[in-house]
Amino acid sequence: MLSRFPFILVAACALSLLLFTAPSLLAQPRSPTPPVGGPVSADQLLQQLPQIRGRVAIPVPRASVLIQPRGRSWRVFHEATLPWIGGIAIIGMLVVLAVFYLWRGRLRVRSGFSGVAILRFAAFERFVHWLTAVSFVILALTGLNITFGKWVLLPLMGNQAFSALTIWGKYAHNFFAWPFMLGVILIFIIWIKDNLPNKVDANWLRKGGGLLGGGDPPAERFNAGQKIIFWAAVLGGVVLSLSGLTLLFPFSVAAIDGMQTADLVHAVLAQLMIAVFLAHIYIGTLGMEGAFDAMGTGEVDLNWAKQHHDLWLEEEQAKAKSPDLGSRAAPAG
Amino acid sequence: MARMKFLCDADRCIECNACVTACKNANEVPWGINRRRVITINDGKPGERSISMACMHCTDPPCKAVCPVDCFYQTDDGVVLHSKDLCIGCGYCFYACPFGAPQYPRTSNFGSRGKMDKCTYCSGGPEADLSTAEFIKYGANRLAQGKLPLCAEMCSTKALLAGDGEIIVQIYKERVVKRGYGSGAWGWKTAYNETIAT
Ligand code: HEM
Ligand code: SF4
Ligand code: SF4
């Protein structure tokens, strides 16, 4: 009895083996088992979402993006759209200013210099202006080098020298960003009260600021054109600062698409601002006689003030006469 | 001349990370730099796939186009390389790269990210082939020795294929026919503007 037991076991095993494997042996050729969840492909995923993300063992969130085709669009922006926008804005502005100069020449003080000077900008105001202006110019030149340098300077300098220049430019851009941001904040604080738009500005704008002829319209401390420059500096400066800081601390506040957008905003706005401030630089130096002194020595000629900022001059003269000023200077109580 | 490409067969990749380890070892890649990584999509759900990704050595590479100091070049084999001597660490190549390939030694970087590092297709850089300087800056130059990138050579399931684009496509197509399905060549449309009918 006992000796037959192993035989039964073997027979049972053989039978079950046959039973279980026979169907698969019969079903030749084998049909493929599709993977669980059906087919997955990059094209199909990219039709649903702009990028493919997954899980990755590396503890760096940006490493979990598998494919982001938007990089290719950003490349088109950076290599085609941006240079065109910037190039047209900046070169266009230079052409406009050149044509204006040839047409109108330098805007003169019509009744000549009186020889009497009046204080227009105090030392601190001039300090704030130049702090912002110097850092703006450095940021603009080093920034433009990032965008256009490889087409303009690289062929002239060669790879080694251009790389060395650009890395120093980049350090300068990183560090001069801080005085610029401080300057924008201070400009806002000290000049906001003189830059709120009012009816005088509407009239000034209607008359084209006298730039196209027809006499100088009345203006307060800042005319409408200067107010536009003020708001361009403040609002543009804030957006440039925010986008610039995003770029300066990469991936700390934005993911890859945010970084691309930050660069897009920063670069386009920077180049438009450069164009706007070329006009500001022109009118403050070559374009208008007597204007530079306001930010140079801080004092302007009385006749210049009468011509360009008559309402402000009246106010200043009234203030100088009023006993108010004396009482303010006296120690209180 | 061969046009070198990578192709990852996601239906074979088992996320063992052998390619990642092979790359780190062959090139002595510093800590924190990941020239190759494995990403799992639909993790734990139906349709889960893992894909090993590094630089795809794109046709008309976006990284090369956006570099402000123009430090990239593409070899006759289609491999995209760059000069660490010229790189200023601006990070633009990472913004443009569809595959997250460029890596930087410093991540939070007030001044600079440092010199960009990425997959070289195991073929070094602008320095003389197989020189010490080349190895220190760019890692191994297996191509100069007649070998393919170590990641693909060591892939345990042969999911990751490296070599002449036409040959690896052929291998992949045969696989798809045999097994009856395939999830396509990941990233090929974006990198080479090419799709593989499966
Ligand atoms: C306010 C603070 C600012 C900060 C924090 C800042 C920061 C940056 C950073 C980090 C970059 C990326 C470049 C690189 O890393 O190599 C950049 C690019 C650039 N910046 Fe600024 N920036 C500031 C202000 C300005 C200003 C005032 C201008 C010009 C008027 C300017 C013009 C540019 C330009 C043109 C680029 C190149 C953009 C490109 O080609 O993509 N930036 N900036
Ligand atoms: S994968 Fe990225 S780094 Fe590699 S060639 Fe393409 S764009 Fe350049
Ligand atoms: S990080 Fe280096 S390689 Fe990349 S775009 Fe900037 S300079 Fe070129």
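The values are calculated or read from the model by the stated rules, or taken from the named source; none is laboratory data. These figures come from a predicted structure and were not determined experimentally. Here the Cβ positions follow ideal geometry from the backbone for every residue, glycine too, while neighbour counts run over all protein chains shown. Surface areas here come from the heavy atoms of the whole protein model, side chains and all, with no ligands, DNA or RNA. Shrake-Rupley method; radii C 1.70, N 1.55, O 1.52, S 1.80 Å.
Sorted by average packing, counted as other Cβ atoms within 10 angstrom per residue and highest first, what order do A:108-116, A:81-89, B:160-168 take?
On the way: A:108-116: 12.2, A:81-89: 15.6, B:160-168: 18.8.
So the peptides A:108-116, A:81-89, B:160-168, ranked by packing, come out B:160-168, A:81-89, A:108-116.
Please compare each pair in B:Lys24/B:Lys84; B:Lys5/B:Lys158; A:Lys170/A:Lys227; B:Lys24/B:Lys173; A:Lys227/A:Lys319 to a cut-off of 21 Å on the Cα-Cα distance and tell me which ones are over it. Mind showing how you got there, number by number?
Details: B:Lys24/B:Lys84 18 Å; B:Lys5/B:Lys158 15 Å; A:Lys170/A:Lys227 31 Å; B:Lys24/B:Lys173 30 Å; A:Lys227/A:Lys319 23 Å.
Result: A:Lys170/A:Lys227; B:Lys24/B:Lys173; A:Lys227/A:Lys319 exceed 21 Å.
Hand me the GluC sites (Glu not before Pro) from segment B:1-48 located in a DSSP loop with no more than 12 other Cβ atoms within 10 Å, in residue order please. List each step's numbers first, then the result.
Working: sites: B:Glu15, B:Glu28, B:Glu48; in loops: B:Glu15, B:Glu28, B:Glu48.
Qualifying residues, ordered by number: B:Glu28.
Just the number please: accessible area per residue for segment B:4-192, 1.4 Å probe, all protein chains included, in Å². If you can, show how the numbers build up before the last one.
Numbers: 6940 Å² over 189 residues.
Solvent-accessible surface per residue comes out at 37 Å².
Would you mind telling me which residue in A:Trp103, A:Trp74, A:Trp130 has the biggest mean-square fluctuation in a Gaussian network model of chain A, where springs connect alpha carbons within a distance under 10 angstrom?
A:Trp103
So which residues of segment A:123-163 lose at least 50 Å² of accessible area, probe 1.4 Å, when you go from the chain by itself to every protein chain present?
A:Ile146, A:Lys150, A:Ser163
Expressed in nm², what is the orientationally averaged projection area of the convex hull enclosing the Cα positions of segment A:120-322?
Numbers: hull surface 56.3 nm².
Approximately 14.1 nm², given one-decimal rounding.
Pull up all non-local amide H partners of B:His82: gap of 5 or more, or a different chain, and H-to-H distance under 5 Å with H placed in the peptide plane.
Distant-sequence amide H within range of B:His82: B:Tyr73.
For segment B:31-126, with the dipole built from +1 on Lys and Arg beta-carbon atoms and -1 on Asp and Glu ones, taken about the Cα centre, which of B:Tyr104, B:Cys67, B:Gly124 lies farthest toward the positive end?
The one lying farthest along the dipole's positive direction is B:Tyr104.
What residues have an amide H closer than 5 Å to that of A:Met288, excluding those fewer than 5 places away on the same chain, when H is modeled at 1.01 Å from N in the peptide plane?
A:Leu107
Give me the 1.4 Å probe accessible area per residue for segment A:120-322, excluding ligands and nucleic acids, in Å². Each step should come with its number before you reach the end.
Numbers: 9380 Å² over 203 residues.
Using a 1.4 Å probe on heavy atoms only, each residue of segment A:120-322 averages 46 Å².
Show the residues, 5+ positions off or on another chain, whose built amide H is closer than 5 Å to the amide H of A:Ser114.
HN-HN under 5 Å from A:Ser114: A:Leu302, A:Asn303, A:Trp304.
Apply the Karplus parameterisation 6.51 cos²θ - 1.76 cosθ + 1.60, with θ equal to phi minus 60°, to every residue of segment A:286-292 and state each ³J(HN,Hα) to the nearest whole Hz, in sequence, with x for glycine and proline.
5, x, 9, 5, x, 6, 4
Semi-axes of the equivalent ellipsoid of segment B:21-161: what are they in whole Å, largest first, if each equals the square root of 5 times a C-alpha gyration tensor eigenvalue? Please report the intermediate quantities before stating the final value.
On the way: eigenvalues 112, 78, 42 Å².
For segment B:21-161, the ellipsoid semi-axes come out as 24, 20, 15 Å.
Would you mind counting up the charge near B:Gly78? Only other residues with Cβ under 14 Å from its Cβ, with Lys and Arg at +1 and Asp and Glu at -1.
Details: positive: B:Arg3, B:Lys5, B:Lys64; negative: B:Asp60, B:Asp76, B:Asp77, B:Asp164, B:Glu166, B:Glu194.
Local net charge: -3.
If you roll a 1.4 Å probe over the protein assembly as shown with all protein chains in place, what percent of the accessible area is carbon or sulfur?
67 percent
Based on Cα positions only, what radius of gyration and what Dmax would you give for the protein assembly as shown, in angstroms?
Answer for the protein assembly as shown, Rg first and Dmax second: 33.6, 138 Å.
Given the options A:Gln260, A:Leu165, A:Ala133, identify the residue whose Cα lies farthest towards the positive end of the charge dipole of the protein assembly as shown (+1 on Cβ of Lys, Arg; -1 on Cβ of Asp, Glu).
Farthest along the dipole direction, towards plus: A:Gln260.
Please list 3J(HN,Hα) in residue order for segment A:208-223, calculated via the Karplus relation 6.51 cos²θ - 1.76 cosθ + 1.60 where θ = phi - 60°; whole Hz, with x for glycine and proline.
So the Karplus estimates, Gly and Pro as x, are x, x, x, 5, 9, x, x, x, 8, x, x, 8, 8, 4, 10, 7 Hz.
Please give the average number of partner chain Cβ atoms lying within 10 Å of the Cβ of each residue in A:40-49, rounded to a whole number.
On the way: counts 11, 10, 13, 7, 2, 6, 2, 0, 0, 0.
Going residue by residue through A:40-49 and averaging, the value is 5.
Determine the shielding of peptide A:108-119 by partner chains: average, over its residues, the number of Cβ atoms on other chains within 10 angstrom of each Cβ. Mind showing how you got there, number by number?
Working: counts 0, 0, 0, 0, 0, 0, 0, 0, 0, 0, 0, 0.
That average works out to 0.
Return the average number of partner chain Cβ atoms within 10 angstrom of each residue Cβ along peptide A:57-70.
On the way: counts 8, 6, 0, 6, 0, 3, 6, 5, 5, 13, 12, 7, 7, 3.
That works out to 6 on average.
In Å², nearest 100, what accessible area do chains A and B bury in total when the solvent probe is 1.4 Å?
Values: alone 21280 and 9990 Å², together 26710 Å².
Buried: approximately 4600 Å² between B and A.
To the nearest 20 Debye, how big is the dipole of segment B:137-198 about its Cα centre, given +1 on the beta carbon of each Lys and Arg and -1 on that of each Asp and Glu?
The calculation lands at about 180 debye.
Apply the Karplus curve 6.51 cos²θ - 1.76 cosθ + 1.60, θ = phi - 60°, to the phi angles in segment A:61-73 and return the couplings in whole Hz, x for Gly and Pro.
Result, ordered by residue: x, 5, 6, 7, 7, 7, 9, 10, x, 4, x, 5, 5 Hz.
Given the DSSP H assignment, sum -39500 (n - 2.57) over each helix run of at least 4 residues in chain B and divide by its residue total; what's the result at 222 nm in deg cm²/dmol, nearest 500?
Numbers: 7 runs with 52 residues, N = 198.
It lands at -7000 deg cm²/dmol.
What size of dipole, in debye to the nearest 20, comes out for the protein assembly as shown about its Cα centre when the only charges are +1 on Lys and Arg C-beta atoms and -1 on Asp and Glu C-beta atoms?
Details: 50 positive and 38 negative charges, 230 e Å.
The dipole of the protein assembly as shown has a size of about 1100 debye.
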